[in-house]
Every structure is written in structure tokens, then in C-alpha cells.
Amino acid sequence: MAKDNIKQQNKTNPFLWFFFAIVIPLIVAVTLAVIIFTVAGVDVVGWAKTTGNSIPVVSTMITTDKEKNEQREDQKTKDIIASKDEKIEQLNQKVSNLESTIGQLEQEIVKLENSNSNEKSSESETSDDEAESGNKSIKAISSSFNEMDSEQAALIIENMEQDLAVGILKQIPNDVRGGIFENMDPDLAAELTQLFVTN
């Protein structure tokens, strides 16, 4: 019976024997080696990361400093792209708003021109009266430019005929006119200024 117990113990103990005879001494030896190399000035952790990164399966679990820096740079780039996309979206929205404002003002100009031409055809007024009604139309349009943002007004005036643009600019106060010229293309602003002075 004692022999049976010994045989049974020998059958169940190989795992324990392996654990106590090989695994624990190996862990102790590795720990001592790491401590000795660290005291000696060797970067054991860096070496382990570099070595582990070259092993195919282990490399997916280990991230080196270089990979962390690359991930940070990728994230910064993504953030920059996202902010640029947001700015582009805002600018596109601004452009569409300006286009709609231009369309509204062009429709208003066409209506005023049509009403002006209808008045001319229905009534035979003198040239002074015609000039006065044209001035009223321009005054009506120029009043809307007084309340408008100078950037939008500059874009609209750039797309107008020069005579009409000069007529509107004459009716606008000096400070508003200056803001519009400031936001305009410099060559066109110079040309309109010259026409403004000569007329």
C-alpha cells in the first residue's frame, strides 16, 4: 500500500517538480539579472522592448517609444485636418451666404431698373426727372450697403458694372466706403476710386 501511495505521488508531482525546480529558479535568475544589469547602467527595459518588437507575435503587444511618438504625430495630424475641414465648412457656408446676398441684391437692382424703365416709358419726363429717379434707386440700394458687412459689400460691388458701383459708392458715407475699398481687390479699388473722383 505504501508503494501505491509513492507511485501516485510520483504521478501527480511532476508538475509541482517542474514548477519548483525550473520555473521559480528561472524567475529568480531573470530578476537578479535585470537588477544587476540595471545597476551596471544597461537599459534592460529598452532592450526588452526592442527585442520583443522584433518577435512577430509579441510585437503586437509591445509599443516602443518611436511607435508612441508616431501615434501622437498621427493624432496631431488628424486633429489639424479636422480643424481645417471645420474651417473649410465655415468658409463654404460664408460663400453660400454671400452668393445668396448677391442674388438678392441683383434681383433688387433688376426690379429697380425695371421699375425705372417702366416709369420712363409710361411718362415722358425730362432728363432731370429721369436722373433724379435713377438717383432715388441708387439711394435705396446704397442704404442697404450701409448696414451690410464691408466684406460682403466689397464682393457685391466687385461684381457690378462700374458706373452703377460708382453711383452707389457716392451715396455711401465715407467710413463705410473706406471699409468696402479695404476689402476689395486693390486694382479694382483703384479703378473705382479714379472713376469716383472723375465723375
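The values are calculated or read from the model by the stated rules, or taken from the named source; none is laboratory data. Quantities reported herein were computed from a predicted structural model and do not represent experimental measurements. Reconstructed Cβ throughout: ideal geometry from the backbone, glycine too, with neighbour counts over all protein chains shown.
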Checklist line | helices (runs of 4 or more DSSP H) wholly inside segment 132-199 containing at least 2 residues that are farther than 24 Å from SER117 by Cα | finding: 150-158, 174-182, 186-198
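Residue check: is ASN183 modelled with pLDDT of 80 or more and assigned by TED's automatic domain parsing to the domain that holds GLU99?
Numbers: modelled with pLDDT of 80 or more: yes; assigned by TED's automatic domain parsing to the domain that holds GLU99: yes.
It is true that ASN183 is modelled with pLDDT of 80 or more and assigned by TED's automatic domain parsing to the domain that holds GLU99.
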Note to self: Checking LEU105 against (1) at pLDDT 75 or above; (2) under 17 Å from ASN199 (Cβ atoms); (3) surrounded by 13 or more Cβ atoms within 10 Å (Cβ to Cβ), only one condition comes out false. Which one?
What the structure shows: (2)
Notebook entry, point to check: When the residues of segment 42-53 are filtered to those that are assigned to a helix (DSSP H, G or I) and modelled with pLDDT of 75 or more, which remaining residue is surrounded by the most Cβ atoms within 10 Å (Cβ to Cβ)?
Noted result: LYS49
Margin query: Can you confirm whether VAL39 is at pLDDT 80 or above, more than 52 Å from the chain's Cα centre (by Cα) and among the aliphatic types (A, V, I, L, M)?
Written below: no
Check: Which residue pairs have Cβ atoms under 9 Å apart, sit 6 or more places apart or on different chains, and have a first residue in segment 68-84 that is surrounded by 10 or more Cβ atoms within 10 Å (Cβ to Cβ) and a second that is not in a helix (DSSP H, G or I)?
Finding: GLN71/THR63
